[in-house]
Amino acid sequence: MSDQQKISPSSNNQGSGSRKPRFNFNLYWIYALIAIIFIGMQLYSSFRSSIKEINKNEFIAMMRELDVQTITIVNNEYAEITILPDRLSKEKYASVREKSLGGENPGPHFRYNIGSPQLFDTEIKDLWSEYPETRNVEIRNETRKNLFGDLLGWLIPIGLMVLVWIFIMRRMSGGGFGGQIFNIGKSKAKLFDKDTHVLVTFDNVAGLDEAKVELKEIVDFLKSPKKYTDLGAKIPKGALLVGSPGTGKTLLAKAIAGEAKVPFFSLSGSDFVEMFVGVGASRVRDLFRQAKEKAPAIIFIDEIDAIGRARGRSVAQGANDERENTLNQLLTEMDGFEANTGVIILAATNRADILDKALLRPGRFDRQIYIDLPDLVGRKAIFKVHMKPLTRLDQSVDVELLAKQTPGFSGADIANVCNEAALIAARKNKQSISREDFNDAIDRVIGGLEKKSKVIAPKEKRTIAYHEAGHATVSWLLEHASPLVKVTIIPRGQSLGAAWYLPEERQITTSEQLIDEICAALGGRAAEQLEFGKVSTGALSDLEKVTKQAYAMITVYGLNERIGNLSYYDSTGQSDYAITKPYSEKTAEIIDEEVKKLIEACYQRSLQVLADNKGKLDKLAARLLEREILYREDLVEIFGERPWPNSDHPETLTEDKPSSATLPE
Ligand code: ADP
Ligand code: ZN
């Protein structure tokens, strides 16, 4: 998650300093032009047809009566006929005698479509032989250039092409007209500077102390560079923030800008990428030029993997030269400026392993700052930061407990929980936010909204109850599986039922733990098999999880005896295993065999555990059907306390990593 909008209220007027006022080119001008052209065409053709058209009989009659003065054949297409002035007084010419605007009409008076010149020739010759006097009528040939029409013939296709082109440009660069065309090679970075205060400081970032120490040094350099340069020290040009989404990388970068009070250019890696060749590289150049003008400054590139992916890897998917050019330009720019120019580049990614090695060389992003998902202490601190704006908190809210209930949550998830809790309380028209609101919010963030209205047939409900009870029973009775916190058969989001566990926070997982977890995941299907003698499709996500886990145990973690201490994982991301497997066909067969064996063994074990405790399983399922939500206490009542210490009480949850987070109070 990299949402600058959320952090800075001033982001609406970002960019005000980075762009020159644009030439105000309006689409309406084009509409107006088109309208004028069409109206012109209309007028022109009506002008042409204002000369009355006559048919063959009328023409022959005119000739026979010797009314015609001249015939002008235009472009071999039609003839314009002028009547003798003295004959105009005839009754039948009344309609053409005068011009439409008044005054005598000197002609031409009529228009006659000749069909083809040959046809007209024979017509005239016939007339001549029949009425010899008609030979005196003057016949002229004329070629007229229809300037306007010709021009239109050119203009319309060109105009259409221009319109289409403009439309495509607008589509690709999103919003804004005209300016986008002229600015396509300009960097899209948003600038935050004195005028657009960045209000985030390190106080807004909870935990992450090690990262903060490193970054404070950068702030210090930007504030007083002399201190460092006097000693001949070179400050790193860039730092790479590596961590899962939502762990606060963007927030940290903002905090640096807020603390150092220097201009802050923020953009995402994908902002460089455009369909046109050379645009990315030119945007990089423009970005660095702007930053150098404003130095000291910070450039923050979010999701740098969009351009920094290792080069020459994507051949199979069609090489992306444009991306490589952009990356090369970035590398060149980073080499190009001296370490002391005062421009520091921060970049964020959640996949440092796939980045091009050249980016990580000394002199570029030589500092890598790892940002983990927050641990217990970190989560507590983040809860405190995000609870601050919630003014009316109930006494019942226990930050410590909330932090324990949310293992694996990122900072963004926690921010979301706090906001969601306030929304839930408001929806219930409550005066303050209580513990239940937070619990509901956590459930909701994990599993989506409860769908109480979803109608489920009683028979299906029984299946779901046994399925969930199976998960709960197996995980409760196996030592290394995560103990249950809560189980429900209320449909929620995509799922029909769910069980919440309290996983131990651990850095290393043993194979017993993995196997017990597979058993617990299979517990749902095993319970269905045991009770109904048949299985349903409801175990899809369980099976998916189990299959992935089993393959990982064997091919990644080296936990299988037959395969041995091998890992086919490639942390560099350089090879594409989707296409070529790093092992032989024979090994592939063994892997498949072993995976099958492992999962089957786990399934039998789950079945055994459930069969041994069938009475308790029935009781649990019945209670689940009746109450829909069950908690730890209900399981204790049915099964008794778990005999293994340290894993079933949330209170005794142990954290392996010492952390010295200072809690902002
Ligand atoms: P990332 O860039 O790592 O994906 P963000 O920096 O965009 O994540 O984090 C998203 C939101 O999560 C932030 O706006 C903030 O509200 C919250 N958050 C994440 N980590 C922390 C933290 N350590 N302290 C306080 N809030 C945090
Ligand atoms: Zn299940």
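A compact table of results
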item: Accessible area of segment 47-144 belonging to carbon and sulfur atoms, whole % at 1.4 Å probe; result: 48 percent
item: Trypsin sites (Lys or Arg not before Pro) within segment 54-90, DSSP loop, no more than 16 other Cβ atoms inside 10 Å; result: K90
item: Segment 376-446 - percent relative contact order, Cα under 8 Å, separation 6 or more; result: 38 percent
item: Solvent-accessible area per residue for segment 190-371 (1.4 angstrom probe, square angstrom); result: 41 Å²
item: Sparse-neighbour loop sites [chymotrypsin sites (Phe, Trp or Tyr not before Pro); segment 347-454; at most 10 other C-beta within 10 Å; DSSP]; result: none
item: Per residue, in Å², the accessible surface of segment 376-446 once ligands and nucleic acids are set aside, probe 1.4 Å; result: 46 Å²
item: Residues whose placed amide H lies under 5 Å from that of H109, excluding near-sequence neighbours; result: I81, T82, I83
item: Largest-first ordering by accessible area, 1.4 Å probe, given options R135, R283; result: R135, R283
item: Amide H within-cut-off set for V68, under 5 Å, with H built and near neighbours excluded; result: L84
item: Surface share of carbon and sulfur [accessible, 1.4 angstrom probe, percent] for segment 376-446; result: 48 percent
item: Span from the segment 73-121 Cα centroid across to the segment 535-558 one, whole angstrom; result: 91 Å
item: Segment 154-161 - phi-based ³J(HN,Hα) in whole Hz, Karplus 6.51/-1.76/1.60, Gly and Pro as x; result: 7, 5, 4, x, 5, x, 4, 4
item: Vicinal HN-Hα couplings computed from phi for segment 409-421 (Karplus, 6.51 cos²θ - 1.76 cosθ + 1.60; Hz; Gly/Pro x); result: 6, 8, x, 5, 4, 5, 4, 5, 4, 4, 5, 4, 4
item: Probe 1.4 Å, protein heavy atoms only - accessible area per residue of segment 87-151 in square angstrom; result: 72 Å²
item: Whole-number percent relative contact order across segment 47-144, with pairs defined as alpha carbons under 8 Å at least 6 apart; result: 40 percent
item: Rounded to whole Hz, the Karplus (6.51, -1.76, 1.60) HN-Hα couplings of segment 461-470, x for glycine and proline; result: 4, 5, 4, 5, 4, 5, 4, 5, 4, x
item: Net lengthening on full extension, L43/Q118 (0.36 nm per residue, minus Cα-Cα); result: 23.8 nm
item: Relative contact order computed over segment 190-371 (Cα-Cα under 8 Å; 6+ residues apart), in percent; result: 34 percent
item: Bridge type composition, segment 47-144 - antiparallel percent by DSSP, nearest 5; result: 60 percent
item: Surface share of carbon and sulfur [accessible, 1.4 angstrom probe, percent] for segment 190-371; result: 52 percent
item: Segment 376-446 shape via C-alpha gyration tensor axes, a/c threshold 1.5; result: prolate
item: Nonlocal amide H pairs with F300, under 5 Å, H built at 1.01 Å; result: F265, S266, L267, L346
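The values are calculated or read from the model by the stated rules, or taken from the named source; none is laboratory data. Note that the structure is predicted; figures quoted are calculated from it, not measured. So basically every Cβ, Gly included, is an ideal-geometry build from the backbone, and we count neighbours across all protein chains shown. These accessible areas exclude ligands, DNA and RNA; they are computed on the full protein's heavy atoms, side chains included. Shrake-Rupley method; radii C 1.70, N 1.55, O 1.52, S 1.80 Å.
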